[in-house]
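The values are calculated or read from the model by the stated rules, or taken from the named source; none is laboratory data. In this text, all values refer to a predicted model and were calculated from it rather than measured experimentally. As a convention, Cβ positions derive from the backbone with ideal geometry for all residues, glycine included, and neighbour counts pool all protein chains shown.
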Amino acid sequence: MRILIVEDESKTADYLQKGLRESGYVVEVAGNGFDGRYMIEEFEFDLVILDVMLPGIDGWELLKLVRSKGATPVMFLTARDSVEDRVKGLELGADDYLVKPFSYAELLARVRTLLRRGPPRDTETFLVADLQVDVLRRRVTRQTDRIVLTNKEFALLHLLISRVDEVLSRSYIASHVWQMNFDSDTNVVDVAVRRLRAKVDDPYALKLIHTVRGMGYVLGEAP
């Protein structure tokens with residue numbers, strides 16, 4: 001398994017490279033955003049670990065580049081710990097977000113989880129009322145309108161529509177969409193649902209994504 005670390009703090013980068021190599025991974029390091037862009041464009045990796053604040057090109061832009069190439073897992077490893085930053089990273093398509101200072105044991109566990117995640121079974125088409133989700137082509141439509149979603153918005157919608165009429169808790173959604181455990185007081189899931197509704201529900205008379213107070217969210221023709 002090949003891992004790319006894009007990290008401008010040399011001590012952190014060396015520490016991660018040494019630890020992950022001892023754990024059996026092939027590890028490359030880029031010390032700034034420009035080098036990170038070159039590595040991402042020229043080589044294939046099984047996982048990319050990104051800092052946010054980088055010289056040259058920041059981690060947000062590098063994540064967009066990774067996503068333009070495919071579904072390679074991306075973990076943010078950064079000192080930026082606000083909910084807004086976590087939401088931004090996850091909405092842009094990051095698979096995990098770990099805040100510095102961190103435990104190496106926790107980082108390694110998250111790395112292993114991301115790397116052993118199997119490819120999705122993109123063979124289904126879901127239809128609820130006038131909402132259609134073609135998982136194979138990653139195409140979402142309502143009526144005759146094409147709806148463009150981010151990777152995480154699509155994953156959230158896929159989860160909701162695959163469990164139609166079933167109330168899903170915030171913690172369940174967080175663990176299945178982001179493979180992360182969030183504190184109970186975080187609003188990451190609420191923000192993500194609000195953004196999804198803005199595209200899937202707000203322009204249409206029939207609302208399909210419903211809040212069940214004290215429980216979570218459900219997708220269906222009736223709450």
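Structure above, values below:
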quantity	calculated
Exclusive hit being crowded, with 19+ Cβ neighbours inside 10 Å, small (G, A, S) and under 21 Å from A174 (Cβ atoms), set A71, A109, A94	A94
Segment 21-46 residues that are basic (K, R), paired with ones that are part of a strand (DSSP E or B) (beta carbon under 8 Å, 6 or more apart)	R21/V27
Criterion violated by P73 - all others in (1) touching a residue at least 60 places away in the same chain (Cβ under 8 Å); (2) over 29 Å from L208 (Cβ atoms) satisfied	(1)
Answer residue from segment 91-122, given it is of a type in the set (K, R) and more than 25 Å from V191 (Cα to Cα) and is modelled with the highest pLDDT among those	R112
